[in-house]
Amino acid sequence: MFQLPSIFHFAFNVTGLDEARAFYGTVLGCREGRSTDTWVDFDFFGHQISLHLGEPFKTARTGHVGKHLVPMPHLGLILAPDAWRALAARLRGHDVEFMLEPQVRFAGEPGEQSTMFFLDPFGNPIEVKAFASPDAIYAS
């Protein structure tokens, strides 16, 4: 028997597969997987997302986090600090507009993190975080 790390799968709606391929494939650098004429899979930094044609989910800035109201619900990802910085630079290089600019949140506190929020072309919010160490992810 083989060991498989925990990998999440998240399926959500987009309104155009070509635009999804351009954003998730070209801008974010995700490898495309299987697809049909109504959906496409991507390797989202080691996890599987499936983008289906349909109406994107409704979101609102109702999440109180520190001094910010963040969009809920949202897709989130935690990267190593170097990968987080590289992704922030990549997004800036593609002129992606940030809902919450790349920044450090909760500085000097348990759970200190680098974070950024942006939208895909369909309005689906994405948060990408980084922590100095894995122990800090659940620090209280």
Fill in: Enumeration of residues in region 95-109 that are surrounded by fewer than 13 Cβ atoms within 10 Å (Cβ to Cβ) and either touching a Lys or Arg at 6+ places or on another chain (Cβ under 7 Å) or not small (G, A, S) (or both)
D95, E97, E101, V104, E109
Worksheet item: What strands (runs of 3 or more DSSP E) completely inside region 84-140 contain at least 2 residues that are among the β-branched types (V, I, T) and in contact with a strand residue (DSSP E or B) (Cβ under 9 Å, 6 or more places away or on another chain)?
Response: 125-130
Practice prompt. Go over the candidates D82, D120, D95 one by one and state the one that is closer than 19 Å to G29 by Cα, touching a helix residue (DSSP H, G or I) at 6+ places or on another chain (Cβ under 6 Å), of a type in the set (D, E, K, R) and not assigned by TED's automatic domain parsing to the domain that holds F45.
Written response: D120
Fill in: Matching residues, region 83-134, being more than 13 Å from the chain's Cα centre (by Cα) and on the phi > 0 side of the Ramachandran plot
D95, F106, G108, G111
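The values are calculated or read from the model by the stated rules, or taken from the named source; none is laboratory data. These numbers were taken from a predicted model, which means no experiment stands behind them. Don't worry about glycine lacking a Cβ; one is built from the backbone with ideal geometry, like all the others, and counts go over all protein chains shown.
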